[in-house]
Amino acid sequence: MSAHPEKLIPASAGPPRGPTWRQGALFAAAGCGSLAAIALLFPATGALLVALLCLGTTVTVLGLVRLQDSFTDDWADLVMHAFWALPASTAGVLGAHMLLGQVLGPLGAVVPGDPATAALYLTAAAGGAGAIMRPGMVTRLAAEYSDRYVLPEDFGRPYHYVTQRDEPEAHLFAQLQQATDRVEEGIRVLGPSFDGSRTLPLLREEEWRLSQELLRLRSLRTELVTRKHEAVSDQVARALEPQEEAVARAHAALTERVGVLTGYGERVRAAVTAHREWEQCQEIADRAGDYADLALSSSLDTMRTEELDDSLLSVQAAHSVREELVREAVAAGSSLSEALHRDRDHKG
């Protein structure tokens, strides 16, 4: 889901309306299964059921066309596509019905009704339910797990520019996300030398806990600002002072906890930067011979050896810095893991 953040649902949108995806899959399976039973029990409905299946297939085709976001801009385009979707769907359904009729012909003496139409509806039941609940469907997963993730929109950040004073929780949440992103980048870039795989799950758990506390703090702070704005007298404003102090203390405590995580992220970022510096210096050193040959072939003077060795010295220096910063990042990660474990055991 992280690859398609535009499909995630902010908390301000409220709970999803209408049936859930699982209910939709159940409805599709039950509806098509019921129509398959009707096709077997009432042979006279065969033609009507085939026509209904043609219309359903047409709607499905138009839905897929609309889903691509490249063929249709409005309902007029969709109606125009129906002129080819309906004949194509009808031809496909009738062709499949004829083929199944030949294959299932011997069942006609045993099974009442229209086995071919029933088989088509059973196929539609399985295919429809499977398509709705297919693995990796971002829209479905975003709706089903809407209470398992937090978005910047939940802190009022993306809609307009806000300062740290206006939305302090939004800034703390952004720092949390940045720390996690830097550790993930460190795992990708530094490789086995940086053992961040043990720290990252703990970091994500702490990020989730802090985000929930930040959301609660933002809700209380917003409510407090509204009450203070609507206060009709100084006495009411003074009565709000204890709540303002509680919000300030909570914000300071959360800022400190977030600072621990961002500090670790900064160490990982320094190690990643040093690693990339070392890689770039290594690339320069690998090409030093080509540049030296070019200089010798275009000059009558002899190149000085110390000039050719500068790139190698840079590689050694960059590698030393890289190794030291990676060691510091690993040590910081171990300390952070122990601290998070202690904090979790203490709360448990």
Determine if the range 179-198 includes at least one residue that is touching a His at 6+ places or on another chain (Cβ under 8 Å) and in contact (Cβ under 8 Å) with a residue 40 or more places away in the chain.
-> yes
Restricting attention to the range 170-179, report how many residues are open to solvent by 10 Å² or more (accessible area, probe 1.4 Å) and under 14 Å from Pro201 (Cα atoms).
-> 1
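Residues in the range 173-184: is at least one closer than 22 Å to Arg209 by Cβ and at pLDDT below 85?
Narrowing the range 173-184 to residues closer than 22 Å to Arg209 by Cβ: 173-184.
Imposing the further condition that a residue be at pLDDT below 85 reduces the set to none.
Looking for residues that are closer than 22 Å to Arg209 by Cβ and at pLDDT below 85, one finds none in the range 173-184, hence no.
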Looking at the range 301-338, which of the residues that are modelled with pLDDT of 80 or more and β-branched (Val, Ile, Thr) is farthest from Thr199 (Cα to Cα)?
-> Val321
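Can you give me the number of residues within the range 165-198 that are assigned to a helix (DSSP H, G or I) and either farther than 16 Å from Gly259 by Cα or hydrophobic (A, V, I, L, M, F, W, C) (or both)? Even if it seems obvious, please write down each step before you answer.
Taking the range 165-198 and keeping what is assigned to a helix (DSSP H, G or I), we get 168-193.
Going one step further and asking which of them are either farther than 16 Å from Gly259 by Cα or hydrophobic (A, V, I, L, M, F, W, C) (or both), we end up with 170, 172-174, 176, 179, 183-193.
Total satisfying the criteria: 17.
For Val65, indicate whether it is under 31 Å from the mean Cα position of the chain (by Cα) and more than 15 Å from Gly127 (Cβ to Cβ). I'd like the intermediate steps shown before the answer.
On the way: under 31 Å from the mean Cα position of the chain (by Cα): yes; more than 15 Å from Gly127 (Cβ to Cβ): yes.
Here the answer is yes, as Val65 does meet what is asked.
The values are calculated or read from the model by the stated rules, or taken from the named source; none is laboratory data. Worth saying up front: this structure is predicted, and the values here are computed from it rather than measured. Methodologically, a virtual Cβ is constructed for each residue, glycine included, from the backbone with ideal geometry; neighbour enumeration extends over all protein chains shown. Surface areas here come from the heavy atoms of the whole protein model, side chains and all, with no ligands, DNA or RNA. Shrake-Rupley method; radii C 1.70, N 1.55, O 1.52, S 1.80 Å.
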